[in-house]
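Engineer: Quick one: the structure is below, questions incoming.
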Amino acid sequence: MFPTCVKTFLTLAAIGWMIVGDDAQAQPPQASSPASSRGRRGPIATDGPNPANDADRAAGRLIDSLFEPLPPADALPQAASRVLGVSTSEATRGEPWSGRLARTPHPAEGRPPYVIIDYYGGIKRYVEPTTQIDLEPYVGRTVTVRRDTGETLLASQLLLPRLEPTPARAGVSLAQHQSGGEGGAELLPIPADQSEPMMIVPEGTEPVYLDEGIDFGVPRSHAGGANCFDPCGYGARPMVYVRAQYLAWWLDGMEIPPLVIADEVDDTFQNAEVIYGSDKILEEGRNGARVVVGYWLDDYGQWAVEGDYSGLEVLREQFVAGALDGQIPAVSIGRPFINVFDADLDGDDTIDLPRGPAVEEVDTTNLDGSVTVDVDSEFQTAGVRFRHGLCCSSACGDDCDACGVGVGCGTPVGLWGLWGPKVGVRRIDALLGVRWAQLDEGLVVTENLAVRQTAPATTFLLTDQFHTSNEFVGPEFGVVWEWEHRRWSVELLSKLAIGNTRQRVDVNGVTLRDRGQPTQSTADGGLLALPSNIGTYTRDQFGVMPELGVTVGYLLTERLRFSVGYTFIYWSNVVRPGGQIDPILDVTQVPAFEAPTVPGSGPAVVPRFVFQETGLWAQGIDIGFDYRW
């Protein structure tokens, strides 16, 4: 299944690339000599029955881009702008660029007090300081514009260099660049980084803080890339991130007692074998989905609010034995139980059903019928939490300048340090929130019987129902460790939720006799669900829910990441239907037996209900995509 999914994704992505990518448009054919065409294939008439077309070239570019050191630019902003018929935000047009900070030459005209100038002293942007950022110490230094929103910027939109004692730079202004500095020496501005294209604002543009275009955010730079910036500073994390994943999970199977037996020799069940039960069920894999949505509350990636939901499909299982077909079966079918009292079933003062292991006949020489067992299970969980950046550190390697060193994650030694590998960016975040989880399961046994010796046949429809529900709510805390380098990323997750599990068990049984006949009657109780244990039972139990996860990601574009991961969850103290079944019976309660009360046997107390709880684990593979902007 997975290779097919990959092929489908690549095909759809190639078509989308051709539609929204500027470079996917068809190019006019170029004149060339036969010699210049030698050794290559082109869109020429003699290229056979399948000449290269736009889709072929777009697919080729897409596949090539997957193996580049850095991801290609994201085409979504331009595509959305075309569909909506509006312009894209100026903030997305171009990579971060650099210039020199100086004082404005005409502060009396109401202009902002600072400007960014280019190599020739020309004004590129006006800059307003903020209450948190004092720009005066950075006058004369090279700054980088991380988010360009027009002619006038805020100080928070700049990536500022680290301060060092440089008294000679104090007092630098634009006037000094134009007429010479102190002592008659001309102080030339530091040139902008020519490896990063500068965005040119048309003449006459009015100062703005935000334009009216669609804002998809500034693409992230990648540690180790040519346009490297401090990955632990301003704008290093996206504003909004969404993760959608397909889940291929397994849950711990449910233990059940023997429910159906078969005897291939005769209907005495002396040679019976268990054909359903006495083992775990619901062990098949389950499909599901997970969605994670987060929003960073500040520009430095310190605080975020995050939510997630994970749900698995309802897993159903059915087992059928016997048949209500009027035929004598070759294999006798029955339901086992344990009888606690000697019983006289026909009232002739003889013991027909001694105490001990016993069998209720389903499809034998005496009864014609079938038994069906239906089981279902559903699991889902969700959480809301705050995410706080504890530390961030980068070590970009030899191919990156001015990446910054971050704070607090330790100093790498050799290829690996205390908190991770030497190259790339390492982050550690703390999580604090609330976790909710729910497990709903059911087990229903249905018998459809007819007595062969009676005319018309006496019929019985027996039903035993056992349903359980577990709902967990409690605080959750954890840690996330992240590593990113170029297009690759690794995420390790560890969480623990501690809270209350609300347990509920519903037991019900009913017997319908002579259905559709004038003598039709209904009685409480089936076989395993009888008046002594029928009811609804609830209680609250302390529970813990740890979760571990690892995710490996690969950037397809600057914003889109493909990821594969593994998740393990454990939930203590849950109730499941199989554990609530008591096979020890007082047969005088079974409506189908019509057994008189045995003198001296006392009131019926079995089967009895007692909460039986166990632990539950869930684990599986997660495959999906992250989109960040």
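Engineer: Considering only segment 278-320, state which residues are over 30 Å from T446 (Cα atoms), open to solvent by less than 30 Å² (accessible area, probe 1.4 Å) and hydrophobic (A, V, I, L, M, F, W, C).
Structural biologist: V292, W296, A304
Engineer: Could you grab me the full set of residues in segment 327-338 that are touching a Leu at 6+ places or on another chain (Cβ under 8 Å) and surrounded by fewer than 19 Cβ atoms within 10 Å (Cβ to Cβ)?
Structural biologist: Hit for segment 327-338 is I338, nothing else.
Engineer: Which of (1) more than 30 Å from V291 (Cβ to Cβ); (2) modelled with pLDDT of 85 or more does S601 not meet, given it meets every other one?
Structural biologist: Among (1) more than 30 Å from V291 (Cβ to Cβ); (2) modelled with pLDDT of 85 or more, S601 violates only (2).
Engineer: Quick check on this structure: which one of E109, E95 is modelled with pLDDT under 75, open to solvent by 30 Å² or more (accessible area, probe 1.4 Å), of a type in the set (D, E) and more than 30 Å from T557 (Cβ to Cβ)? Spell out how you get there, then give the answer.
Structural biologist: Details: E95 fails: more than 30 Å from T557 (Cβ to Cβ).
Every option except E109 fails the conditions.
Engineer: Could you count how many residues in segment 361-389 are under 30 Å from D325 (Cα atoms) and either in contact with a helix residue (DSSP H, G or I) (Cβ under 9 Å, 6 or more places away or on another chain) or among the small types (G, A, S) (or both)? Lay out the reasoning, then the answer.
Structural biologist: Keep residues of segment 361-389 that are under 30 Å from D325 (Cα atoms), which gives 361-376.
The next check asks that each one be either in contact with a helix residue (DSSP H, G or I) (Cβ under 9 Å, 6 or more places away or on another chain) or among the small types (G, A, S) (or both); those that pass are 369-370, 375.
Adding up the residues that qualify gives 3.
Engineer: Output the residues belonging to segment 519-559 that are open to solvent by 60 Å² or more (accessible area, probe 1.4 Å), closer than 24 Å to T614 by Cα, touching a residue at least 40 places away in the same chain (Cβ under 8 Å) and not basic (K, R).
Structural biologist: Those that are open to solvent by 60 Å² or more (accessible area, probe 1.4 Å), closer than 24 Å to T614 by Cα, touching a residue at least 40 places away in the same chain (Cβ under 8 Å) and not basic (K, R): D540, F542, L548.
Engineer: Quick one: is G122 under 19 Å from G235 (Cβ atoms) and at pLDDT below 85? Reasoning before the result, please.
Structural biologist: Numbers: under 19 Å from G235 (Cβ atoms): no; at pLDDT below 85: yes.
Considered against the rule, which asks whether it is under 19 Å from G235 (Cβ atoms) and at pLDDT below 85, G122 comes out as no.
Engineer: Shifting gears a bit: Failed condition for V479, given (1) in contact with a Phe, Trp or Tyr (Cβ under 7 Å, 6 or more places away or on another chain); (2) open to solvent by 60 Å² or more (accessible area, probe 1.4 Å); (3) at pLDDT 95 or above; (4) under 30 Å from F625 (Cα atoms), with all others met?
Structural biologist: In the conditions (1) in contact with a Phe, Trp or Tyr (Cβ under 7 Å, 6 or more places away or on another chain); (2) open to solvent by 60 Å² or more (accessible area, probe 1.4 Å); (3) at pLDDT 95 or above; (4) under 30 Å from F625 (Cα atoms), V479 misses (1) alone.
Engineer: State yes or no: is V473 of a type outside the set (K, R), open to solvent by 20 Å² or more (accessible area, probe 1.4 Å) and under 19 Å from F542 (Cβ atoms)?
Structural biologist: Details: of a type outside the set (K, R): yes; open to solvent by 20 Å² or more (accessible area, probe 1.4 Å): yes; under 19 Å from F542 (Cβ atoms): yes.
Yes, satisfied.
Engineer: Can you tell me which of G288, G311, G334, G326 is assigned to a strand (DSSP E or B), within 25 Å of P591 (Cα to Cα) and not acidic (D, E)?
Structural biologist: Working: G288 fails: within 25 Å of P591 (Cα to Cα); G311 fails: within 25 Å of P591 (Cα to Cα); G326 fails: assigned to a strand (DSSP E or B).
Result of the check over G288, G311, G334, G326: G334.
Engineer: Hey, another quick one. For segment 507-516, how many residues meet the condition of being basic (K, R) and assigned to a loop (DSSP other than H, G, I, E, B)? Even if it seems obvious, please write down each step before you answer.
Structural biologist: Step one: list which residues in segment 507-516 are basic (K, R), which gives 513, 515.
When the remaining residues are screened for being assigned to a loop (DSSP other than H, G, I, E, B), the result is 515.
Within segment 507-516, residues that are basic (K, R) and assigned to a loop (DSSP other than H, G, I, E, B) number 1.
Engineer: Which of the residues spanning segment 482-498 are open to solvent by less than 40 Å² (accessible area, probe 1.4 Å) and at positive phi?
Structural biologist: Within segment 482-498, none qualify.
Engineer: Can you give me the number of residues within segment 128-166 that are in contact with a strand residue (DSSP E or B) (Cβ under 9 Å, 6 or more places away or on another chain), open to solvent by 50 Å² or more (accessible area, probe 1.4 Å) and not basic (K, R)?
Structural biologist: Our first condition is that a residue be in contact with a strand residue (DSSP E or B) (Cβ under 9 Å, 6 or more places away or on another chain); within segment 128-166, this holds for 128-130, 133, 135-136, 138-148, 150-155, 157-161.
If we keep only those that are open to solvent by 50 Å² or more (accessible area, probe 1.4 Å) as well, we get 128-129, 136, 147, 154.
Then drop every residue that is not not basic (K, R), which leaves 128-129, 136, 154.
Looking only at that region, the number is 4.
Engineer: Before we move on, is A618 modelled with pLDDT under 95 and either buried (at least 20 other Cβ atoms within 10 Å of the Cβ) or not acidic (D, E) (or both)?
Structural biologist: Values: modelled with pLDDT under 95: no; either buried (at least 20 other Cβ atoms within 10 Å of the Cβ) or not acidic (D, E) (or both): yes.
Spelling it out, it is not the case that A618 is modelled with pLDDT under 95 and either buried (at least 20 other Cβ atoms within 10 Å of the Cβ) or not acidic (D, E) (or both).
Engineer: Mind checking whether some residue in segment 259-275 is under 30 Å from V384 (Cβ atoms) and either at pLDDT 95 or above or open to solvent by 70 Å² or more (accessible area, probe 1.4 Å) (or both)? Walk me through it before giving the result.
Structural biologist: In the first step, residues of segment 259-275 are kept if they are under 30 Å from V384 (Cβ atoms); the result is none.
Looking for residues that are under 30 Å from V384 (Cβ atoms) and either at pLDDT 95 or above or open to solvent by 70 Å² or more (accessible area, probe 1.4 Å) (or both), one finds none in segment 259-275, hence no.
Engineer: Also, I was wondering about something else. How many of the residues making up segment 339-360 are open to solvent by less than 50 Å² (accessible area, probe 1.4 Å) and assigned to a strand (DSSP E or B)?
Structural biologist: Here the count works out to 7.
One line per residue, one yes/no per condition, for (1) assigned to a loop (DSSP other than H, G, I, E, B); (2) of a type in the set (A, V, I, L, M); (3) more than 30 Å from V384 (Cβ to Cβ):
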{"site": "G478", "(1), (2), (3)": "no, no, no"}
{"site": "L492", "(1), (2), (3)": "no, yes, no"}
{"site": "L496", "(1), (2), (3)": "no, yes, no"}
{"site": "G499", "(1), (2), (3)": "no, no, no"}
{"site": "V505", "(1), (2), (3)": "no, yes, no"}
{"site": "P518", "(1), (2), (3)": "yes, no, yes"}
{"site": "P531", "(1), (2), (3)": "yes, no, yes"}
{"site": "D540", "(1), (2), (3)": "no, no, no"}
{"site": "P546", "(1), (2), (3)": "no, no, no"}
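The values are calculated or read from the model by the stated rules, or taken from the named source; none is laboratory data. For clarity, every value in this text was computed on a predicted model and none was experimentally measured. Neighbour counts run over all protein chains shown; Cβ positions are idealised from the backbone, glycine included. Quick note on the areas: whole protein, heavy atoms, side chains included, nothing else; ligands and nucleic acids left out. Shrake-Rupley method; radii C 1.70, N 1.55, O 1.52, S 1.80 Å.
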